[in-house]
1. Go through segment 10-30 and give me each residue that's free of Cβ contacts under 8 Å to residues at least 60 places away in the same chain, in contact with a Lys or Arg (Cβ under 9 Å, 6 or more places away or on another chain) and of a type in the set (A, V, I, L, M).
2. Find the residue count for segment 90-105, including only residues that are of a type in the set (Val, Ile, Thr) and either in contact (Cβ under 8 Å) with a residue 40 or more places away in the chain or open to solvent by less than 20 Å² (accessible area, probe 1.4 Å) (or both).
3. In segment 155-173, how many are buried (at least 21 other Cβ atoms within 10 Å of the Cβ) and either touching a residue at least 60 places away in the same chain (Cβ under 8 Å) or part of a helix (DSSP H, G or I) (or both)?
4. Tell me the residue from Gly227, Gly263, Gly201 that is in a loop (DSSP other than H, G, I, E, B), free of Cβ contacts under 8 Å to residues at least 60 places away in the same chain and under 30 Å from Pro147 (Cβ atoms), please.
5. For segment 206-223, check the following and say yes or no: at least one residue is over 20 Å from the mean Cα position of the chain (by Cα), open to solvent by 50 Å² or more (accessible area, probe 1.4 Å), at pLDDT 95 or above and hydrophobic (A, V, I, L, M, F, W, C).
6. Step by step: first the residues of segment 261-287, then only those that are farther than 18 Å from Leu30 by Cα and aliphatic (A, V, I, L, M), then the one that is least open to solvent (accessible area, probe 1.4 Å). Which residue is that?
7. Does segment 232-259 hold any residues that are surrounded by 17 or more Cβ atoms within 10 Å (Cβ to Cβ), assigned to a loop (DSSP other than H, G, I, E, B) and free of Cβ contacts under 8 Å to residues at least 24 places away in the same chain, and which are they?
8. Could you list, in sequence order, all residues of segment 123-143 that are part of a loop (DSSP other than H, G, I, E, B) and closer than 23 Å to Pro196 by Cα?
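The values are calculated or read from the model by the stated rules, or taken from the named source; none is laboratory data. Remember, predicted model here, so these are calculated numbers, not experimental data. Neighbour counts are summed over all protein chains in view; Cβ atoms, including those assigned to glycine, are modelled from backbone coordinates with ideal geometry. The area values use the complete protein model at the heavy-atom level, side chains included, leaving out ligands, DNA and RNA. Shrake-Rupley method; radii C 1.70, N 1.55, O 1.52, S 1.80 Å.
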Amino acid sequence: MKNPIFTGVCTALITPFWAGEINYPLALRLLQRQIDSGVNAVVLAGTTGEAPTLSDEEKLTLFARCKAYAGDKCTVIAGTGSNSTAHTVALSRAAQAVGADALLVVTPYYNKTTPDGLIAHYLSVAEAVDIPVIIYNVPGRTGLDIPVSVCQRLSMHPNIAGIKEASSDITKIVALRSVCGEDFTVWSGNDEQIVPSMSVGGKGVISVLSNVLPEETVKMTNCALQGDYVTASKMQCQLYPLIKALFSEVNPIPVKAAMEILGYDCGNCRLPLCDISRENRERLEMLLKN
C-alpha cells in the first residue's frame with residue numbers, strides 16, 4: 001500500500017533572485033512562511049520555480065539547502081523532469097542524493113513521445129531512485145497529454161506515487177480514479193479546480209495560489225478533505241478572481257509580482273519571461289488589497 005506523499009496543499013514555490021542569482025536566504029524565508037501556514041509539502045524548481053532557466057547546480061543547491069532547513073517539518077519535492085530521459089534520470093539521482101523526499105517529473109516536451117515512450121521514460125526514472133515519483137501532466141506547456149491507459153500502466157509501479165494533473169479536464173480525473181486504484185494519488189495542478197478535483201477523489205493541489213495565500217489555500221483543502229464542501233466551494237469561488245489574475249500572464253510572472261506587492265522582493269523572472277504589464281499589476285494590487 002502506497003502512502004500519499006502529501007494531502008492538502010503542496011506549494012510550487014517561486015525561486016527568488018537577487019542580482020541575477022538565486023536569493024537563498026529569501027528562499028528559506030519563503031519556505032518558513034509555508035511551514036508556518038500549515039503547508040506540509042513544497043515543489044522546488046517546478047514551472048513556478050522557473051526550472052527551465054535554472055542550472056542543474058542551482059537546482060541541487062536549492063534542493064539541499066531547503067531540505068536541510070525544513071528537516072521533517074516539510075516534504076521537499078524536487079522538480080527534475082526534462083525532455084531527455086538520461087538527463088532526467090541523472091538529475092533525479094542527484095536530487096535524491098542531496099536529500100529530496102520525492103520527485104516531480106514533467107512529461108517530455110518539444111520532442112514529445114509515444115505512449116510506449118512515456119512508459120519507458122517514467123519507468124527509467126522510477127527504477128533509478130528510491131524515492132517516490134510524481135508524474136506531471138501539463139499539456140498546455142508540453143504539447144503532450146498522458147493517456148489514461150499510460151497512467152494505469154505506470155500506477156502499477158511501486159515507486160510511482162501519483163500524478164499532478166493539469167490538463168483542466170475534470171472527467172480525466174474521474175477516469176484516472178476509476179482505473180488506477182486507491183494507491184495512485186491524483187493532485188490538481190490547477191488552482192481554479194482544487195475543490196472540483198477533490199470532490200471526485202483528488203487528494204489536494206500542487207498550487208501557485210498558496211505562494212500568495214497559503215493559509216487560505218490550506219483551509220480550503222482541509223475543508224474538502226473533511227467533507228465540508230459547502231465551505232470549500234464557497235472559498236473556491238471567492239478566490240477565483242485572484243486565481244484568474246495570477247494566470248493573467250505566463251506563470252510565474254504574475255505570482256512574482258503579487259509577492260512583491262506583499263513585501264517579498266523576489267526579483268524579476270529570468271528571460272525570456274519579462275515584467276508584468278501595468279494593467280495586470282494594478283489588477284493584482286486591487287485584488288490583494290481587497
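1. Ala27, Leu28
2. Taking segment 90-105 as the starting set, the residues that turn out to be of a type in the set (Val, Ile, Thr) are 98, 105.
With either in contact (Cβ under 8 Å) with a residue 40 or more places away in the chain or open to solvent by less than 20 Å² (accessible area, probe 1.4 Å) (or both) added as a condition, the list becomes 105.
Adding up the residues that qualify gives 1.
3. 4
4. On the way: Gly227 fails: under 30 Å from Pro147 (Cβ atoms); Gly263 fails: under 30 Å from Pro147 (Cβ atoms).
Answer to the selection: Gly201.
5. First, the residues of segment 206-223 that are over 20 Å from the mean Cα position of the chain (by Cα): 223.
Add one more test, that the residue is open to solvent by 50 Å² or more (accessible area, probe 1.4 Å), and what stays is none.
Among the residues of segment 206-223, not one is over 20 Å from the mean Cα position of the chain (by Cα), open to solvent by 50 Å² or more (accessible area, probe 1.4 Å), at pLDDT 95 or above and hydrophobic (A, V, I, L, M, F, W, C), which makes the answer no.
6. As a first pass, look at segment 261-287 and keep what is farther than 18 Å from Leu30 by Cα: 270-287.
Then drop every residue that is not aliphatic (A, V, I, L, M), which leaves 271, 273, 276, 284, 286-287.
Details: Leu271: 139, Leu273: 42, Ile276: 31, Leu284: 0, Met286: 105, Leu287: 45 Å².
That would be Leu284.
7. none
8. Let us first name the residues in segment 123-143 that are part of a loop (DSSP other than H, G, I, E, B), namely 129-132, 138, 143.
Scanning segment 123-143 gives a single hit, Val138.
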